[in-house]
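Quick notes on the structure that follows.
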Amino acid sequence: MGGHLFRMESIGEVLFERSTRAKRINISVRPFKGVRVAVPYRVSLKKAIEFAGSKRGWIKKNLNKMRQMEQDHKILSIKFNGIDRHEARKILVKRLDDLAKENGFRYNRVFIRNQKTRWGSCSSKNNISLNIKLVRLPERLTDYVIIHELVHTRIKSHNKKYYATLEQIVNERKSLDQELKKYSAGLL
């Protein structure tokens with residue numbers, strides 16, 4: 001599905017693409033992809049360009065965030081480069097086992113993956129996936145992610161009960177969440 005590239009004043013190049021899935025004009029700003037406007041077939045290109053122009057402030061604000069993420073990614077990709085998969089697996093599985101025993105959790109299987117969007121996850125069968133890049137984070141953040149996933153072995157959703165349980169084990173959850181966000185560009 002081709003698109004039309006337009007240069008918008010004070011923004012730069014914007015890709016306008018027709019979309020069968022879009023119900024309304026949708027603007028997205030993504031790292032390494034730039035600004036994209038999804039245009040439903042029933043909307044004219046002229047109208048989509050006008051709409052994007054009316055959202056110039058929002059686009060510029062998000063472009064600045066995106067550029068910062070791209071810069072952070074370049075720095076973090078050096079930090080996350082060249083991780084020994086076998087060594088990372090040993091470290092992360094041992095830490096998972098230690099924290100599970102220490103806090104009375106049980107899990108089924110563990111997978112160590114090079115994920116692009118998350119630090120960890122827990123399946124409905126209590127299989128835990130951990131991002132290989134966790135070995136390069138400060139230990140308190142690695143532990144926090146592991147504990148976050150271990151709590152999901154008991155409580156699957158992020159509800160009040162989940163956070164209350166997590167905070168019984170990790171009392172500075174919010175500050176750890178903020179600190180972890182600083183490393184999220186490294187996942188890209």
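Points worth noting:
- Rg and Dmax over the alpha-carbon atoms of the stretch 3-79 stand at 13.7, 47 Å.
- Relative to the longest principal axis of the Cα atoms of the chain, helix 56-79 runs at roughly 40 degrees.
- Over 31 Å (Cα to Cα) - which of K61/K156; K101/K156; K61/K161; K101/K174; K101/K182 fall in this group: K61/K156; K61/K161
- Aspartates and glutamates with Cα under 19 Å of K116, excluding same-chain neighbours fewer than 8 positions away: E70, D72, D84, E149, D177, E179
- Magnitude of the charge dipole for the stretch 3-79, about its Cα centre and with charges confined to Cβ atoms of Lys, Arg (+1) and Asp, Glu (-1), is about 280 debye.
- Considering only H86, C122, L150, the residue lying farthest towards the positive end of the dipole of the stretch 77-188 is C122, judged by Cα position with unit charges set on Cβ.
- Cross-link pairs K94/K133; K55/K181; K23/K46 - those with Cα-Cα distance over 20 Å: K55/K181
- Dipole magnitude of the stretch 85-187 about its Cα centre (Cβ charges: Lys, Arg +1; Asp, Glu -1), debye to nearest 20: 440 debye
- Sorted on the mean count of surrounding Cβ atoms within 10 Å across their residues, most packed first, peptides 129-142, 100-113 read 129-142, 100-113.
- The magnitude of the dipole of the chain, with charges of +1 and -1 set on the Cβ of Lys/Arg and Asp/Glu and taken from the Cα centre, is near 820 debye.
- Percent of Cα pairs in the chain per distance bin of 5 Å, from zero to the largest separation: 1, 7, 14, 14, 13, 11, 11, 10, 10, 6, 3, 1, 0.
- Taking other residues whose beta carbon is less than 15 angstrom from the beta carbon of K160, and scoring Lys, Arg as +1 and Asp, Glu as -1, yields +4.
- Both radii come from the Cα set of the stretch 85-187: Rg as radius of gyration, Rh as Kirkwood radius; their ratio Rg/Rh reads 0.92.
- Listed residues A22, A88, A52, most fluctuating in the chain (Gaussian network, C-alpha, under 10 Å): A22
- Within the same chain, lysines fewer than 8 places from K60 are excluded, and of the rest, those with a Cα less than 20 Å from its Cα are K33, K47.
- Taking each DSSP H run with n ≥ 4 as -39500 (n - 2.57) and averaging over every residue of the chain yields -14500 deg cm²/dmol at 222 nm.
Values in this text are rule-based calculations from the coordinates and carry no lab data. No experiment lies behind these values; they were computed from the predicted model shown. All Cβ positions, glycine included, derive from the backbone under ideal geometry; neighbour counts span all protein chains shown.
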